[in-house]
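Colleague: Pasting a structure below so you can have a look.
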Amino acid sequence: MVHRTTRCTRDPRLMSDMGAYRQVQLDATTLAYIDQGCGTPVIFVHGSGPTDLRTWERQIEPFAAHFRVIAYSRRSHYPNPPAGNTASFHSTRMHARDLADLITRLDLGRVHLVGFSFGADIVLRLAADRPELVRTLTLTGPPLLSWLATLPGGHELLKERINAILPAKCAIQQGNLEQGAQIFIDGLMGEGTFNALPASSRARILDNAHLIGAEPAETGAVGTDDITRDEAATIQVPVMLLIGAASPLAFLLVSQELAQHLPNVAYVQISGASHLIHVTHPQTYNAVVMEFLARHRDR
């Protein structure tokens with residue numbers, strides 16, 4: 001079935017508990033998604049590891065009042081079925097191809113893309129590879145680990161990231177999902193972050209905690225499909241680059257570097273926020289992003 005941008009969908013089940021999902025069958029996988037609102041399409045792309053489309057629970061309804069909103073779970077993430085070998089699971093090219101297929105299957109035309117963390121890496125890759133599908137990019141804390149490794153002090157930060165992931169992977173492999181999830185989140189974003197998250201966020205993380213086992217654990221295995229600086233310079237669409245002022249240093253360094261290479265970028269720091277801006281500061285996040293999208297609604 002084709003879903004065109006002129007159709008308006010307001011399913012009360014989606015607005016209340018996000019408990020009903022649509023599905024699209026791609027060549028290699030099945031993707032679950034929410035499709036709500038009408039008008040210019042906005043696609044939300046979640047981050048890596050233990051997360052899924054529900055991370056946008058504080059954005060779906062507010063944004064759907066003004067746009068056609070689609071939030072989907074990337075392959076193998078809840079509630080999608082496993083999608084084969086995890087060797088290429090952290091390939092931005094693979095996930096960008098899935099995203100391009102989703103856009104074309106739903107006949108969305110050019111879309112606004114909103115990416116968080118690894119999801120921001122994915123939408124950057126799509127913008128470089130398939131610019132005809134993109135209206136704007138909104139990026140929050142792209143890790144771009146291949147870039148991080150080249151920045152002053154970045155290689156050490158990358159090794160710290162790997163060292164933080166290893167015990168989490170070990171716990172997951174031993175079947176200790178909650179322990180592994182807590183180690184993973186706290187190791188990347190600071191001690192106590194996991195327990196401070198809303199209960200719904202922790203539950204979502206546990207539903208996907210098994211995917212922590214697919215995280216790359218060697219410095220040479222991360223960021224292999226990241227866009228290059230030269231590719232970043234070719235992205236002509238408007239970009240808003242968001243970062244929490246209290247984000248871990250690795251994200252701050254990468255965002256500052258990326259801002260130097262995107263030709264049409266607005267760089268915005270949110271005071272008092274760390275990496276999970278859309279979760280911990282949803283009202284501020286929603287207002288800033290919607291103002292940006294409104295300025296470029298008909299681009």
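The values are calculated or read from the model by the stated rules, or taken from the named source; none is laboratory data. Please read these numbers as outputs of a predicted model, since none were measured by experiment. In this analysis, Cβ positions are derived from the backbone assuming ideal geometry, glycine residues included, and neighbour counts consider all displayed protein chains. Side chains included, ligands, DNA and RNA excluded: accessible areas come from the protein's heavy atoms. Shrake-Rupley method; radii C 1.70, N 1.55, O 1.52, S 1.80 Å.
Colleague: Using a 1.4 Å probe and counting only protein heavy atoms, arrange K169, K159 so the residue with the most accessible area comes first.
Modeller: From most accessible down to least: K159, K169.
Colleague: If you don't mind, another one. Taking the Cα centre of the chain as origin, sum charge times position over the Cβ atoms of Lys and Arg (+1) and Asp and Glu (-1), and report the length of that vector in debye to the nearest 20.
Modeller: Value, rounded to 20: 800 debye.
Colleague: Now for a separate question. Quote to one decimal, in nm, the extra length available between A199 and L166 on full extension: 0.36 nm per residue of separation minus the C-alpha distance between them.
Modeller: Numbers: separation 33, 0.36 × 33 = 11.88 nm, distance 2.51 nm.
Answer, rounded to one decimal: 9.4 nm.
Colleague: So if R0 is 30 Å, what FRET efficiency would S91 and N176 give, r being the distance between their Cβ atoms, rounded to the nearest 0.05?
Modeller: Once the sixth-power term is evaluated, E becomes 0.65.
Colleague: Of L206, W56, Q260, whose Cα points farthest to the positive end of the dipole of the chain (charges on the beta-carbon: +1 Lys, Arg; -1 Asp, Glu; origin at the Cα centre)?
Modeller: Positive-most Cα among the choices belongs to W56.
Colleague: May I ask you to list the GluC sites (Glu not before Pro) in the stretch 118-222 that are in a DSSP loop and have at most 14 other Cβ atoms within 10 Å of their Cβ? Working shown, then result.
Modeller: Working: sites: E132, E156, E160, E178, E191, E218; in loops: E191, E218.
Of the GluC sites (Glu not before Pro), the ones in loops of the stretch 118-222 whose Cβ has at most 14 other Cβ atoms within 10 Å are E191, E218.
Colleague: By how many nm would the segment from E231 to Q283 grow when fully extended, if each residue of separation counts as 0.36 nm and the alpha-carbon distance is taken off? The partial results should precede the final answer.
Modeller: Values: separation 52, 0.36 × 52 = 18.72 nm, distance 3.27 nm.
Working it through step by step, the gained length comes to 15.4 nm.
Colleague: Over the Cα atoms of the chain, Rg to Rh with Kirkwood Rh, two decimal places?
Modeller: Details: Rg = 17.7 Å, Rh = 19.1 Å.
Radius of gyration over Kirkwood radius for the chain works out to 0.93.
Colleague: Can I ask one more? Restricting things to alpha carbons, tell me how big the stretch 163-299 is in terms of Rg and Dmax, in Å.
Modeller: 17.2, 51
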